[in-house]
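*Asks:* Pasting a structure here, questions to come.
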Amino acid sequence: MRAVRWVNTFFPKVKKSSPISEALHEMRKYSTDYCVVIDEDGKFDGLIHKSIIKEVEMEEKVEEYTVFPDFYIVEDSTIEEAAMMLIENKETILPVVNSNGEVVGVLSLQEVLEAMTEIAAMDEHGIRINLTLQDKPGELRKVIDVLANNKINILSILTLKDDGSRLVSIKVDSKDAESVAGIMEVYEIPYESIVEEEGFF
């Protein structure tokens, strides 16, 4: 899913020609320890970190302490790519740029966690079915067909490889865990748990 859906558009930004004092002001304003740096044309130029500038003179220029990150993403990147980049790099945020190189926002671990929560449908009321399937074509379809035939809408499907099997978590739009469990049993689909989730957004 496109990361732009969860991009935080409220972030500290300063021109590279600005004094350090302005960068610190932006950091205080947004309660962060970083600031996005742009050039005179408004294009992404890098990041400046509080840890690097905390003891420098306030009138020094931002460009002297700007670091261009190893990782940033473009608007059409996926949230999964963003998550991998945050795992791999040492930065706390990922700048997000458009096709013109302009910064449209940032993604932090907080936004990525919010995205994963929505993707898993944790924010919606429903029933979560946890089961283990053989890791081969058609196994998941059997479960999906049973749900479809019983007019149960699927909110989310997550899978995880586990020693030749697939751990599967399916969130469905239902308020009756016992009814869903009964359907699984009628069709002889073994499950590990079927629980109600209230949602929280």
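*Asks:* Filter the trypsin sites (Lys or Arg not before Pro) in segment 1-58 to those in DSSP coil with at most 12 other Cβ atoms within 10 Å of their Cβ, and list the result.
*Replies:* Numbers: sites: Arg2, Arg5, Lys13, Lys15, Lys16, Arg28, Lys29, Lys43, Lys50, Lys54; in loops: Lys16, Lys54.
Here the sparse-neighbourhood loop sites are Lys54.
*Asks:* Compute the distance from the alpha-carbon center of segment 18-48 to that of segment 125-201, in whole Å.
*Replies:* Spelled out, the Cα-based centre of one part sits 47 Å from the other.
*Asks:* If you don't mind, there's one more thing I want to ask. What ranking do Ser169, Ser193, Ser51 get, fewest neighbouring Cβ atoms within 10 angstrom at the top?
*Replies:* Working: Ser169 17, Ser193 11, Ser51 8.
Taking fewest neighbouring Cβ atoms as first place, the list is Ser51, Ser193, Ser169.
*Asks:* Taking 0.36 nm per residue of sequence separation and subtracting the Cα-Cα distance, how much length would be gained by fully extending the chain between Met116 and Glu88, in nm to one decimal?
*Replies:* In short, 8.3 nm is gained.
*Asks:* Taking only Cα atoms of segment 3-116, what ratio of Rg to Rh do you get with Rh as the Kirkwood inverse-distance radius?
*Replies:* Values: Rg = 13.6 Å, Rh = 14.1 Å.
Rg/Rh for segment 3-116 comes to 0.96.
*Asks:* OK, next. Tell me the angle of helix 139-149 to the major Cα principal axis of the chain, expressed in degrees between 0 and 90 and rounded to the nearest ten.
*Replies:* With rounding to tens, the tilt is 70 degrees.
*Asks:* Quick query: amide H of Gly46 versus all other amide H atoms, modeled in the peptide plane; which residues come in under 5 Å with a sequence gap of 5 or more or a different chain?
*Replies:* Answer set, sorted by chain and number: Val37.
*Asks:* Let me ask something additional. Once label points are set 7 Å from the Cα along Cα→Cβ at both Val104 and Val56, what is their separation, rounded to one decimal in nm?
*Replies:* With each label point 7 Å from Cα toward Cβ, the separation is 3.0 nm.
*Asks:* For Lys171, list the aspartates and glutamates whose Cα falls under 13 Å from its own Cα; do not include residues on the same chain fewer than 8 positions away.
*Replies:* Within reach: Glu118, Asp123, Glu124, Glu196, Glu197, Glu198.
*Asks:* Report the Cα-based extents of segment 125-197 along its three principal axes, largest first, to the nearest Å.
*Replies:* Computed over segment 125-197, the largest-to-smallest principal extents equal 32, 22, 17 Å.
*Asks:* Okay, next question. Along the Cα-to-Cβ line of Arg166, 7 Å from the Cα, sits a label point; which residues in segment 128-148 have backbone N less than 17 Å from it?
*Replies:* Answer for segment 128-148: 129-148.
*Asks:* Now, a different point. Using 0.36 nm per residue of separation minus the Cα-Cα distance, give me the extension gain between Phe200 and Thr132 in nm, one decimal. Could you put the intermediate results ahead of the total?
*Replies:* On the way: separation 68, 0.36 × 68 = 24.48 nm, distance 2.67 nm.
Gain on extension, Phe200 to Thr132, equals 21.8 nm.
*Asks:* Taking the dipole about the Cα centre of the chain, with the C-beta of Lys and Arg at +1 and of Asp and Glu at -1, give me whichever of Asn130, Ala83, Leu107 is farthest to the positive side.
*Replies:* Asn130
*Asks:* Take the cross-link list Lys61/Lys90; Lys16/Lys90; Lys142/Lys175; Lys13/Lys50; Lys15/Lys54 and give me the ones stretching past 20 Å between alpha-carbons. Please list the in-between numbers first.
*Replies:* Numbers: Lys61/Lys90 24 Å; Lys16/Lys90 22 Å; Lys142/Lys175 22 Å; Lys13/Lys50 13 Å; Lys15/Lys54 18 Å.
From the list (Lys61/Lys90; Lys16/Lys90; Lys142/Lys175; Lys13/Lys50; Lys15/Lys54), the Cα-Cα distance tops 20 Å for Lys61/Lys90; Lys16/Lys90; Lys142/Lys175.
*Asks:* Still on this model: Within segment 1-52, list the GluC sites (Glu not before Pro) lying in a DSSP loop whose Cβ has at most 11 other Cβ atoms in a 10 Å radius. Let's see the in-between values first.
*Replies:* Working: sites: Glu22, Glu26, Glu40; in loops: Glu40.
Qualifying residues, ordered by number: Glu40.
*Asks:* Going by alpha carbons, how many degrees (0 to 90, nearest 10) lie between the helix axis of 79-88 and the longest principal axis of the chain?
*Replies:* So the helix axis and the longest Cα principal axis differ by about 60 degrees.
Every read-out reported here was derived from the displayed coordinates using simple, explicitly stated rules and does not represent laboratory data. For clarity, every value in this text was computed on a predicted model and none was experimentally measured. When we count neighbours, we look across all protein chains shown, and the Cβ atoms used for this are built from the backbone with ideal geometry, even at glycine.
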